[in-house]
Amino acid sequence: MINKFSISLLLIFNYSFGQKTKIDRFVSDAAKAVIKPEFRYYNLIDSSFIAENNKIYLDRFEEAELSENYPDLHIGQLFEHDSVNALNWNDYNIPRAKVISPKEIPKYHLNSRIVVVRYSDTPKEELDRLEKDKPFGKIIVIIDKNWSEERKQREIDEKVDDFEKRFAEYQSTFAEEDKIYYSFSTPVFSDDNKYALMSIHVDSRKSSCCGCSYLFKFENESWQQIYIFRCIMR
């Protein structure tokens, strides 16, 4: 005989499984809003972020447009609920998603170069420490005190040019899929599960990160993007 405790566990399991299946399907469909169809895979940061949906602003024209096109949508209800729990995307089955941690993201683009100049009589221990501890993008140039200013500058320029050349060669080894990575917020669903809201951040490693909030509707057996709210640059 099945006791009440077993029934409770079964109900909890069924609910959790149902939620996971719903999110699997939603994220798989929603990703199509930003992922290039020719990509074999895409890099997805392993943890969802918490979107502040209550800070999304609509002007009266946008509200009127949504009300006219989707009369059963209660947009205020979605905005009232922030996505409160971060999700680990490793626990979900998302086609084409290559789930990675932020620490695994390789350096593809540098916002700046740091040039450190030291004289040739600098103690070897200090030079070794600088070389060992230097962050990505730091260039160490050794010059002679007796050189002319022109010769010193030429040495610096040559070292920087050599770094730029090697870095360009390094960049050329990246697949197109690895030049971009994505962060998804925890999705928020309407009470009737007809609509959902999710924010997506895209970092192309060539420019600032762009973040947009997307509104989706479940129709024709899939989640369709129906609206993009104002995007921001981060």
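Quick note: the coordinates plus some simple rules give every number you see, no bench work behind them. None of these values were measured; they are calculated from a predicted model. Methodologically, a virtual Cβ is constructed for each residue, glycine included, from the backbone with ideal geometry; neighbour enumeration extends over all protein chains shown.
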_Nearest 10 degrees, 0 to 90: helix 4-30 Cα axis against the chain principal axis_ = 60
_Potential lengthening between residue 165 and residue 96 on full extension [0.36 nm per residue; Cα-Cα distance subtracted]_ = 21.6 nm
*Taking the Cα-to-Cβ direction at residue 230 and at residue 41 and moving 7 Å from each Cα, how far apart do the two end points lie in nm?*
3.8
*Fluctuation leader among 89, 223, 147 - the chain, Gaussian network, Cα springs under 10 angstrom*: 147
*Which entries in 103/138; 98/165; 55/103; 36/179; 32/217; 20/103 show an alpha-carbon gap greater than 21 Å?*
98/165; 55/103; 20/103
_Quick check: net charge around residue 66, other residues with Cβ under 12 Å of its Cβ, Lys/Arg +1 and Asp/Glu -1?_
-4
*So, counting K/R as plus one and D/E as minus one, what does the shell of residues with Cβ under 13 Å around residue 216 add up to?*
+3
*By how many nm would the segment from residue 61 to residue 194 grow when fully extended, if each residue of separation counts as 0.36 nm and the alpha-carbon distance is taken off?*
45.6 nm
*Could you state the orientation-averaged shadow area of the convex hull built on the Cα atoms of the stretch 114-171, in nm² to one decimal?*
4.1
*Where does the charge balance sit around residue 33 when Lys and Arg score +1, Asp and Glu -1, over other residues with C-beta under 14 Å from its C-beta?*
+3
_Under 18 Å between alpha carbons, and skipping anything fewer than 8 positions from residue 145 in its own chain: which aspartates and glutamates qualify?_
121, 126, 155, 157, 158
*Give me the orientation-averaged projected area of the Cα convex hull of the chain, in nm², one decimal.*
21.1
